[in-house]
Structures are given as C-alpha cells and as structure tokens.
Amino acid sequence: MPASYAYLGPEGTFTEVALRTLPEAATRELIPYVSVQSALDAVRAGEAEAAFVPIENSVEGGITTTLDELVAGEPLMIYREVLLSITFALLVRPGTKLSDIKTVSAHPAAQPQVRNWLKKHLPDAIWESAASNADAARLVQEGQYDAAFAGEFAAARYGLVALETGIHDAENAQTRFVLVGRPARPAAPSGADKTSVVLWQRDDHPGGLRDLLGEFATRGINLMLLQSRPTGAGIGNYCFCIDAEGHISDRRVAEALTGLKRICLQVRFLGSYPRADVKPADVQPPLPGTSDDEFTSAADWVARCQDGRF
C-alpha cells in the first residue's frame, strides 16, 4: 500500500490545513484529488493508504457527498477525526473592488456559512458551486468567476488578494474531517471515542425509527449525529447515518450493534475512533444498568447460569 494520503484538493483547501494537523501526515505523501468521491475511490483502488475528507459542519450538519460515498460502494472505515474552526475570506484578483463582483464561487457547504454576509454585501451576485473552496480560488485566478470564498491562506497560492476576511454567519463554526481507510481492526479504545454506523430498515412501518433508536437509548448511549439519506430505491426509502458515543469494544455499544444487526435489513460499520474533542461518553445516571461494568457483570451472570454456576 502506498505511503500516501489522498485529500479533497486542490492545494489550499481547509481539508489540507486540517490534514496537516495529524502527526502522521508529515510522513506521508499528500495527494490532492478533485472530489471527495475520487479521493475515496483512490483508497478503494489501492492507490492511497487513506483519504482525508470533510464529513460534517456545525452550520449545515452532515456533508451529504461524503456520507453518500461511505453508504454506497465497497466498505471503508473511519480511523481518525479532526475539528477545524472555519472562517472565510473573499478572494479576488488584484484590483477588484466589491462593486465589480458579479459572480462568487465556493464549495456548496460554504454557502450556508456566508449566506447572510452575501445578502448584506453582495445581494445581486450569482453563486456558482465549485468542487472545493480552493478550486473556486483557482477558477477566480483563471477569470471564470469574480470572487471566491476560501481560506485566507489560499490567496498567495492562487495569486489572489483577500478583499474581506473573517467572514462567517455563525460564531465558532467548525468543520469535522475524517481519515478513511480500508476496513481493519479498530484501534483500542481511548476512553473518549465514537462509533459510526449506517442502518437500513427491513421495511417502512410506524415506529420503525424508534425501534432503531431504542437499541441505543435503552443502553444509555448518546447519539452525536443522526442523518437520513435516500437509498435510491424510490421516494420514502432512506437509510440512517449515525454517530454514537463509545467504542465497539464497550459492552453496551457491542450489545446495541448486536440488537441492530438482528432487526435491520443491513448494518454497515464505519468504525470506532477517538473523538477530536476528547470528551468521554456521557452515560446518563437516570438510566440504571448502563455502565460498561454493569453490562459485563450481567453477561458474566448469564454465562454462569448456562454453566450451572448461578
């Protein structure tokens, strides 16, 4: 396997900045790809050891392109995550004034994060989506658009200047990025982990989603992300992407996954990995019997009963 990481490029993306915060990135060749799909496909094809892509932001939620790529195709697994605070700069060619801007471009996930700023300062500008914020900067450099929302650090890379900086509609906006590789044994639990899965119902029936969520709730497992995605099998057919607190080696998480495997048409395990915020799982005290020790004790009791040692 090549000692390289694919990432959503071109050079100068927030993805590249987040990737370079990983210590292991210094020992890998970092290769930009034009899309999330092509970066993940490089891993599936054995062209890269892992891919680093955005998966969620604090303004719009899950990045649907990434979620859909993890839902479909050959299985992949999440190994790490990184949180990056996001603010945008309005990058333009030298000499461009705000009144000159008729078209603006950025990744679709950027639009909800600058919508109010656009409405106030450039209400008549036409929005054009790009494969990434850095790609939007490249297109501005080539003259296709007048301005791009991207990281201020991308200006020098593409011969642009930052006409405005510190642009964001929501304070403390963050984007979550994940390092994705081929399936393997998950890393040992760190004490502050999350587990990601995709669930497909057997059929559509009243209380179906409640049944799925009940497998987590009765075991005191808090959910951090719940997003439905269409399966492509027709209107009303959805699967559910879920991030849950805890590690698959935690007894309560393992039991929840066992229960889901029994009642779901399909369960895709996307990995157990350390949380970027390093917060331990919040097991609610009002739910008795939800600690990992209590699950282990109960399982040991059943085993003793089966052996006639109760």
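Candidates 133, 172: the one that is open to solvent by 10 Å² or more (accessible area, probe 1.4 Å) and touching a His at 6+ places or on another chain (Cβ under 6 Å) is 133. Counting the residues of the range 182-226 that are of a type in the set (S, T, N, Q) and either closer than 15 Å to residue 255 by Cβ or open to solvent by less than 50 Å² (accessible area, probe 1.4 Å) (or both) gives 4.
Per the listing 209, 179, 199, the residue uniquely outside the structural domain of residue 47 (by the TED database), at pLDDT 95 or above and among the aliphatic types (A, V, I, L, M) is 199.
When restricted to residues that are among the acidic types (Asp, Glu), open to solvent by 40 Å² or more (accessible area, probe 1.4 Å) and within 20 Å of residue 155 (Cβ to Cβ), the range 1-36 contains 1.
Looking at 244, 281, 276, 254, just one residue is surrounded by 13 or more Cβ atoms within 10 Å (Cβ to Cβ) and touching a Gly at 6+ places or on another chain (Cβ under 7 Å), and that residue is 281. Here residue 106 meets the list (1) in the same structural domain as residue 178 (by the TED database); (2) in contact with a helix residue (DSSP H, G or I) (Cβ under 9 Å, 6 or more places away or on another chain) almost entirely, failing just condition (1). Among the residues of the range 49-96, those that are more than 28 Å from residue 275 (Cα to Cα), in contact (Cβ under 8 Å) with a residue 24 or more places away in the chain and open to solvent by 20 Å² or more (accessible area, probe 1.4 Å) comprise 93, 94, 96. If you check 162, 154 for being among the aliphatic types (A, V, I, L, M) and open to solvent by less than 20 Å² (accessible area, probe 1.4 Å), only one passes: 154. Cβ separations smaller than 9 Å between residues 6+ apart or across chains give the following pairs from the range 195-217 residues that are over 12 Å from residue 259 (Cα atoms) to residues that are acidic (Asp, Glu): 195/243; 195/245; 195/250; 196/243; 197/243; 201/211; 205/211. Scanning the range 160-197 for residues that are hydrophobic (A, V, I, L, M, F, W, C) and under 22 Å from residue 40 (Cβ atoms) gives 177, 178, 179, 180, 184, 187, 197.
Of the residues making up the range 88-125, those that are within 22 Å of residue 13 (Cα to Cα) and under 28 Å from the mean Cα position of the chain (by Cα) number 18. Here is the figure for the range 134-173: residues that are closer than 30 Å to residue 24 by Cα and part of a strand (DSSP E or B) total 3.
The values are calculated or read from the model by the stated rules, or taken from the named source; none is laboratory data. Only a predicted model underlies this, so the values are computations on that prediction, with no experimental measurement involved. Positions of Cβ are generated from backbone atoms using ideal geometry, with glycine treated the same way; all protein chains shown enter the neighbour counts. Surface areas here come from the heavy atoms of the whole protein model, side chains and all, with no ligands, DNA or RNA. Shrake-Rupley method; radii C 1.70, N 1.55, O 1.52, S 1.80 Å.
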